[in-house]
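The values are calculated or read from the model by the stated rules, or taken from the named source; none is laboratory data. Every value quoted in this text rests on a predicted model; they were computed, and no experiment measured them. Every residue, glycine as well, gets a Cβ built from its backbone with ideal geometry; the counts of neighbours run over all protein chains shown. Protein only, heavy atoms only, side chains kept; ligands, DNA and RNA dropped before computing areas. Shrake-Rupley method; radii C 1.70, N 1.55, O 1.52, S 1.80 Å.
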Amino acid sequence: MKQENTIMENQLFRPLDLKKKMRPGESVIQALLFIAGLGSIFITLAIVYELGKEAWLFFGNPDVTFAKFFGTTTWQPGIGHFGIWPLVTSTLITSSIAIFVSLPLGLAVALFLSEYASPKARSALKPILEILAGIPTVVYGYFALLFMTPLLQSIFGKQTVEVYNMASAGLVMGIMILPLISSMSEDALSAVPRALREGAYAMGATKFETSVQVVLPAALSGIGAALIIGISRAIGETMIVAIAAGSGPNFTFNPFKAAETMTGHIARISGGDLSYNSIDYTSLFAIALMLFLVTLILNLISQGIINKFRQRYE
Amino acid sequence: MNPNRDYYPKGEDLHRSLGRRYRSASIWQTLFFSALVIAILSLAALLYNVIDGAFGYVAFEYKNDPTEFSTKPLDALNKQELLDILKANLSSGAFTKLENEKPMDTRSKSVLYTLLLERLIQIDTKETWSMTDSIFRSAKIKAEVAEKYPEAKLEFRSWLTPVFLTTPMSSKAEFAGVRTAILGSLWMVGIALLFALPIGTGAAIYLQEYASKNFLNRIIQTNINNLAGVPSIVYGMLGLAIFVRALEPFTSGRLFGVTDSNGRTILSAGLTMGTLVLPLIIINAQEAIKSVPDSLRQAAFGVGATRWQTVWHHVLPNALPGILTGSILAVSRAIGETAPLIVVGASTFISIDPSGPFSKFTALPIQIFQWTTRAQSEFHSIAASAIIVLLILLLTLNAAAILLRNRVQKKY
């Protein structure tokens with residue numbers, strides 16, 4: 001009996017323990033990694049909370065009424081004018097010009113690269129677009145002010161085109177967004193199954209007819225996603241408009257006139273000495289919150305489209 | 001019978017319609033190609049515009065006549081003579097101040113020469129011309145200068161010089177440099193990386209290696225993708241509210257005994273920039289980890305390694321080059337980003353080197369912005385030079401990233 005016991009106690013004959021071994025170190029590491037993952041959620045919450053808090057203070061101000069905010073067209077929070085429209089219209093005008101430039105160009109570039117160019121040409125041409133995408137926006141601002149504006153002035157005359165104007169900022173912004181739209185559209189185009197193209201060719205379609213009547217419609221949702229991301233990027237772009245579009249809110253629909261956008265306004269006002277708790281300070285957060293929400297919604301829509309699109313072809 | 005039977009052309013008509021279709025196809029192909037040409041031309045125009053601004057004729061006058069200081073022509077002076085002139089003509093207070101910043105006899109000849117021009121002779125720039133004008137309208141410019149500014153000297157000048165890289169900020173464009181701006185950018189990027197790289201890699205490891213497909217993890221993933229699309233100026237506002245204002249005792253260094261600053265420091269800027277590049281780093285690191293073959297993990301699990309041992313000893317070393325490539329790309333994003341720095345409060349006029357995380361700072365893109373928005377054309381010239389510096393910096397970083405990527409691709 002005693003002998004049996006010692007054998008049982010002997011390590012060799014102990015029955016295998018199949019329970020998972022406790023490893024506190026592993027759990028600690030996993031917890032830390034999880035916290036790092038949560039960090040991104042924390043950033044989003046912090047953005048919403050901080051922008052929301054200050055924006056709440058701004059809208060809580062008795063002078064700021066809904067009617068004034070959306071019903072008047074002068075924005076000067078310091079002296080009690082709270083009409084948001086001049087900032088919104090100039091943002092819309094610059095972004096529209098940018099999209100007007102970058103969507104057709106970007107789409108054409110994407111079609112050329114994905115349907116026409118040989119693999120060799122593609123690998124030679126794509127880096128050029130990548131360089132264009134990697135140039136800092138402040139450099140584009142320099143380009144807009146010191147190249148595009150003089151160019152516009154020499155075409156339309158110095159009387160019509162002001163030194164700071166929305167048109168040149170919008171045009172250069174279009175160049176900036178072009179690589180984004182072309183690369184996203186190209187991804188969408190090359191995701192279209194080859195069988196569709198072969199089918200079109202078999203029916204006697206030319207390359208152009210295949211690209212535009214078969215491949216393009218099939219990739220339309222992906223191109224829509226690219227367009228939406230482009231709009232979101234244009235609305236949030238700051239440096240080009242801060243340098244070239246003018247400083248001072250101006251309610252105008254003439255693209256050759258100076259008018260400050262939402263982002264440009266934030267950059268100019270926050271660049272100066274700004275006292276906390278002033279109406280100027282809180283108003284900036286209200287604008288930033290609007291920017292954040294608009295771009296967030298656009299990004300979510302675009303992502304939704306891409307996810308749906310991916311499921312269809314894979 | 002098909003009512004559309006005669007819809008399709010036959011015989012001669014067929015050939016004509018085919019010809020039409022091929023013509024329109026080739027026209028459209030040309031149009032598509034010209035879009036690409038427009039993109040390339042824009043890039044060329046941009047680069048040309050920048051280079052055009054950084055070189056060219058300058059017409060300037062000396063405020064004080066150089067012959068007052070030296071009988072020899074200025075460029076024939078050697079270092080000792082320059083030193084003597086400076087010593088003799090600067091007030092003793094000013095000289096001691098310069099001496100304290102950096103001993104005079106350890107400074108190079110070109111620095112002393114610049115000092116002589118800046119402090120004693122003093123230059124007054126009248127007008128500048130672009131490189132193209134200077135080359136093709138040279139005679140006309142010379143005539144114009146002779147007529148408009150009879151006193152002035154005309155000189156072909158490269159605004160981008162070694163001196164430009166090594167001198168601090170100055171209120172005169174002729175003597176301004178980007179030294180403080182480059183140092184500020186480096187400090188800021190360093191802090192951003194220290195902050196974002198560990199957290200970003202950790203998050204990527206969690207999402208790729210640990211996370212199961214539940215609701216929370218899906219939200220984290222969507223959220224990261226969305227954060228990458230948030231406008232940079234919104235990050236600036238976040239930095240202003242949290243790092244500059246709420247955490248002021250920490251970011252101004254008051255907790256550590258620094259008293260002479262507010263929250264608008266390098267530390268705030270670096271943390272803001274770190275927040276901005278975090279999603280970028282996570283997404284890139286995820287891609288790198290994803291590309292490590294599953295067989296490696298299974299082999300590690302097969303010999304009884306725990307999950308963390310697998311990650312630490314097998315997944316991470318193999319994903320490291322990819323993660324580094326991603327961080328280099330994040331760095332190049334951070335170096336070029338301007339808007340958040342304006343909001344967080346980069347100072348535009350800083351002439352002393354940043355001495356630590358709690359100093360005020362300026363950065364390269366901030367200087368470019370500041371100089372571009374000045375009215376005088378000589379500031380546009382130094383803005384162009386600073387842009388060239390910035391672009392070369394970015395090009396080097398991206399080339400390094402590409403090289404790294406190619407080396408890794410060979411290994412598998």
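Restricting attention to the range B:355-374, the residues being open to solvent by 10 Å² or more (accessible area, probe 1.4 Å) and closer than 22 Å to B:Ser385 by Cα number 4. Applying the selection to the range B:379-388, what residues are more than 10 Å from chain A (Cβ to nearest Cβ) and crowded, with 24+ Cβ neighbours inside 10 Å? Across the range B:379-388, the qualifying residues are B:Ser381, B:Ile382, B:Ser385.
Of the residues making up the range A:128-138, those that are crowded, with 20+ Cβ neighbours inside 10 Å and within 17 Å of A:Ala234 (Cβ to Cβ) are A:Leu132, A:Ile135, A:Pro136, A:Thr137, A:Val138. Across the range B:13-25, the qualifying residues are those that are closer than 22 Å to A:Ala117 by Cβ and open to solvent by less than 60 Å² (accessible area, probe 1.4 Å), and the one among them that is nearest to the other protein chains (Cβ to nearest Cβ) is B:Ala25. Checked against (1) farther than 26 Å from B:Ser110 by Cβ; (2) at pLDDT 90 or above; (3) within 14 Å of chain A (Cβ to nearest Cβ), B:Asn217 passes all but condition (2).
Take the conditions assigned by TED's automatic domain parsing to the domain that holds B:Asn398, modelled with pLDDT of 90 or more and open to solvent by less than 50 Å² (accessible area, probe 1.4 Å) and apply them to B:Thr338. Does it pass? In short, yes.
So which residues in the range B:169-211 are among the aromatic types (Phe, Trp, Tyr) and within 14 Å of another protein chain (Cβ to nearest Cβ)? Full working, then the answer.
Initial filter on the range B:169-211 (among the aromatic types (Phe, Trp, Tyr)): B:175, B:187, B:195, B:206, B:210.
Answer for the range B:169-211, where residues must be among the aromatic types (Phe, Trp, Tyr) and within 14 Å of another protein chain (Cβ to nearest Cβ): B:Phe195, B:Tyr206, B:Tyr210.
Can you confirm whether the range B:290-310 contains a residue that is at positive phi and open to solvent by less than 70 Å² (accessible area, probe 1.4 Å)?
Start the filter on the range B:290-310 by keeping residues that are at positive phi, which leaves B:304.
If we keep only those that are open to solvent by less than 70 Å² (accessible area, probe 1.4 Å) too, we end up with B:304.
Checked against the condition, which is being at positive phi and open to solvent by less than 70 Å² (accessible area, probe 1.4 Å), the range B:290-310 yields at least one hit.
Within the range A:25-56, the set of residues being open to solvent by 70 Å² or more (accessible area, probe 1.4 Å), touching a Gly at 6+ places or on another chain (Cβ under 9 Å) and within 7 Å of another protein chain (Cβ to nearest Cβ) comprises just one member, A:Leu32. When restricted to residues that are aliphatic (A, V, I, L, M), under 22 Å from A:Lys207 (Cα atoms) and not in a helix (DSSP H, G or I), the range A:107-156 contains 1. Among the residues of the range A:23-67, just one is among the basic types (Lys, Arg) and in a loop (DSSP other than H, G, I, E, B), namely A:Arg23. Residues considered: A:Phe66, A:Phe59, A:Phe82. Of these, the only one that is touching a residue at least 12 places away in the same chain (Cβ under 8 Å), more than 14 Å from chain B (Cβ to nearest Cβ) and out of contact with any helix residue (DSSP H, G or I) (no Cβ under 6 Å at 6 or more places or on another chain) is A:Phe59.
B:Val292 falls short on exactly one of the conditions (1) part of a loop (DSSP other than H, G, I, E, B); (2) within 29 Å of B:Glu209 (Cβ to Cβ); (3) within 11 Å of chain A (Cβ to nearest Cβ), and that condition is (3).
Given the options A:Ile235, A:Ile243, A:Ile228, A:Ile223, name the one that is part of a helix (DSSP H, G or I), within 17 Å of A:Ala98 (Cβ to Cβ), open to solvent by less than 40 Å² (accessible area, probe 1.4 Å) and away from chain B (no Cβ under 12 Å).
Working: A:Ile235 fails: away from chain B (no Cβ under 12 Å); A:Ile243 fails: away from chain B (no Cβ under 12 Å); A:Ile228 fails: away from chain B (no Cβ under 12 Å).
Every option except A:Ile223 fails the conditions.
On the stretch given as the range B:239-270, residues that are open to solvent by 10 Å² or more (accessible area, probe 1.4 Å), of a type in the set (A, V, I, L, M, F, W, C) and within 14 Å of chain A (Cβ to nearest Cβ) total 4. Restricting B:Ser130, B:Ser185, B:Ser171 to residues that are surrounded by 15 or more Cβ atoms within 10 Å (Cβ to Cβ), closer than 30 Å to B:Ser355 by Cβ and not acidic (Asp, Glu) narrows the list to B:Ser185.
Go through B:Leu98, B:Leu120 for me and flag whichever is touching an Asp or Glu at 6+ places or on another chain (Cβ under 9 Å) and modelled with pLDDT under 75. Spell out the reasoning first.
Numbers: B:Leu98 fails: touching an Asp or Glu at 6+ places or on another chain (Cβ under 9 Å).
None of the others qualify; the one that does is B:Leu120.
In the range B:31-47 there is no residue that is buried (at least 19 other Cβ atoms within 10 Å of the Cβ) and more than 14 Å from chain A (Cβ to nearest Cβ). On the stretch given as the range B:389-401, residues that are under 18 Å from B:Leu320 (Cα atoms) and facing chain A (nearest Cβ under 9 Å) total 1. The lone criterion from (1) surrounded by fewer than 21 Cβ atoms within 10 Å (Cβ to Cβ); (2) more than 10 Å from chain A (Cβ to nearest Cβ); (3) in contact (Cβ under 8 Å) with a residue 24 or more places away in the chain left unmet by B:Ala228 is number (2).
Specify which of the listed residues (B:Leu115, B:Leu41) is touching a residue at least 12 places away in the same chain (Cβ under 8 Å), part of a helix (DSSP H, G or I) and under 30 Å from B:Val389 (Cα atoms). Result of the check over B:Leu115, B:Leu41: B:Leu115.
Just one of the numbered conditions (1) closer than 22 Å to B:Ile205 by Cβ; (2) more than 9 Å from chain A (Cβ to nearest Cβ) is not true of B:Leu341: (1). When the range B:352-387 is filtered for residues that are out of contact with any Lys or Arg (no Cβ under 9 Å at 6 or more places or on another chain) and among the polar types (S, T, N, Q), the ones remaining, listed by number, are B:Ser355, B:Ser359, B:Thr362, B:Gln367, B:Gln370, B:Thr372, B:Thr373, B:Gln376, B:Ser377, B:Ser385.
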